[in-house]
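Please treat every number below as a calculation from the coordinates, not as lab data. This is a predicted model, so every value here is computed, not measured. Cβ: placed from backbone, ideal geometry, glycine included. Neighbour counts: every protein chain shown.
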Amino acid sequence: MSRLALRADLDRCTGCRACVVACADAHGLPIGESFIRLLQVGPEGQFPDLAMYFLPLACQQCELPGCADVCPQGAISRVEAGLVEVDSALCTGCGDCVEGCPYGAIALDPVMDVARKCELCRQTVPAGVSPVCVAACPARALSVIDLDESGEAVSQDAQCGVRLKAAAGTEPVGRFVLTRQAWRDRC
């Protein structure tokens with residue numbers, strides 16, 4: 001069985017927002033909304049030794065998704081390839097999942113009145129084709145990896161060893177690579 005995850009190489013990300021725009025366009029989302037966000041971390045330090053990076057953040061496809069735990073309709077579940085999916089036929093738009101996601105990765109669609117989130121474009125692109133955010137990234141900072149095939153796809157030496165919001169207990173599968181020593185020391 002596959003366990004797909006979005007991998008972001010933070011050393012490569014330039015903050016251009018191409019992933020955000022491509023996602024919004026491909027999914028017909030209103031202006032200013034996207035299933036992937038780009039957070040700026042920093043700048044930190046004292047001039048001239050300043051440091052900053054960008055963090056592309058989408059659904060972490062958690063092993064223990066908090067959004068599914070709080071959904072009263074059972075509309076959110078893990079499906080093939082280990083992805084967390086919203087069944088729009090079951091979703092009532094109550095918003096409990098929005099509050100239950102520690103990553104802010106779920107939004108209520110005001111037109112359809114259902115929860116929507118990143119599913120790595122599983123429903124919109126053919127199998128074997130990259131999600132639109134990955135295809136749009138000019139710096140090749142984003143990729144989709146299969147954790148079962150790759151073993152992690154990144155050596156532990158090059159990977160920041162902290163999962164996002166580990167205290168939430170959701171076991172996120174997203175991977176973030178950061179090799180700059182100054183930032184790795186923070187992990």
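Brief remarks follow.
- Across q = 0.22, 0.26, 0.30 Å⁻¹, region 30-89 modelled as identical point scatterers on its alpha-carbon atoms has Debye log10 I(q)/I(0) values of -0.94, -1.07, -1.16, in the order of the q list.
- Relative contact order, percent, the chain [alpha-carbon distance under 8 Å, six or more residues apart]: 31 percent
- Taking a ≥ b ≥ c as the square roots of the eigenvalues of the Cα gyration tensor, region 78-151 is prolate, since a/c reaches 1.5 or more and a/b is larger than b/c.
- In the chain, the DSSP-assigned H stretches of four residues or longer account for a calculated mean residue ellipticity at 222 nm of -3500 deg cm²/dmol, using -39500 (n - 2.57) per stretch and the full residue count as denominator.
- Calculated log10 I(q)/I(0) by the Debye sum over Cα atoms at q = 0.09 Å⁻¹ (choose from (1) -0.57; (2) -0.45; (3) -0.32), label: (3)
- Ordering CYS97, CYS118 from the fewest to the most neighbouring beta carbons within 10 Å gives CYS118, CYS97.
- Structural descriptor for region 38-95: relative contact order 22 percent, calculated from alpha carbon pairs under 8 angstrom and at least 6 residues apart.
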